[in-house]
Amino acid sequence: MADPAPEPALGQQDRPVGWWLKEADRRLDGAFNQALEGQGSDRRTWQVLASLARRPESPARLVELLRPFDPPAVVAGVVADLTERGLVEEAAGLLRLTEAGRHVHGALSGPVADVRRQVRESLPGEDYATLLRLLGRLTEGLAGTSD
């Protein structure tokens, strides 16, 4: 007979799913921000740089891509900051990384990979895939309820 699943740590079973989702996101923000501090970047900066490293985007499309993470005003503020810093430019209606932006994106890739590795190590084996599958089911089950 298989061993029963370990009991959750004291208090874990009393926390609702929403608490865990928000706490996980808060801690992910903290891990990214700690990894990127000293480089003039945070998780939001990384998201914009990484999106534009994949391909140039219109401002509206970039806002739409990042809507799950932040409201449009936050994304616009990050883009404005990166533009002022010379890391992003707009040409022909598309935002793209400058040479300096590509350099910063490359420099941030290592610390971001370290955070992602920490997440994977926190969820060994099939746990990461299981978590993603369960979160996908949760979001599908709540489809049509977002604002």
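What follows is calculated from the coordinates using simple rules that are stated; it is not laboratory data. A quick note: this is a predicted structure, and the numbers were derived from the prediction, not measured.
Structure above, values below:
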quantity	calculated
Largest-first ellipsoid semi-axes for the chain, taking √(5λ) over the Cα gyration tensor eigenvalues, angstrom	34, 19, 14
Among Val78, Val115, Val17, residue whose mean-square fluctuation peaks in a GNM of the chain (springs only between Cα atoms under 10 Å)	Val17
Theoretical gain in end-to-end length, Asp81 to Trp20 [0.36 nm per residue, Cα-Cα removed]	18.8 nm
3J(HN,Hα) from dihedral phi, region 121-126, Karplus parametrisation 6.51/-1.76/1.60, rounded to Hz, x for glycine, proline	5, 6, 10, x, x, 8
Region 39-122 - convex hull of the alpha-carbon atoms, volume per residue in Å³	92 Å³
Cα centroid separation, region 108-147 to region 43-79 (Å)	20 Å
Computed helical MRE - 222 nm, the chain, DSSP H runs ≥ 4 contributing -39500 (n - 2.57), nearest 500	-20500 deg cm²/dmol
Among Asp127, Asp81, Asp42, residue whose mean-square fluctuation peaks in a GNM of the chain (springs only between Cα atoms under 10 Å)	Asp127
For region 101-110, 3J(HN,Hα) per residue [Karplus equation, 6.51 cos²θ - 1.76 cosθ + 1.60, θ = phi - 60°, Hz, x = Gly/Pro]	x, 5, 5, 5, 4, x, 5, 7, 4, x
Inter-centroid distance (Cα atoms) of region 18-32 relative to region 89-104, Å	30 Å
Listed residues Leu97, Leu52, Leu65, most fluctuating in the chain (Gaussian network, C-alpha, under 10 Å)	Leu65
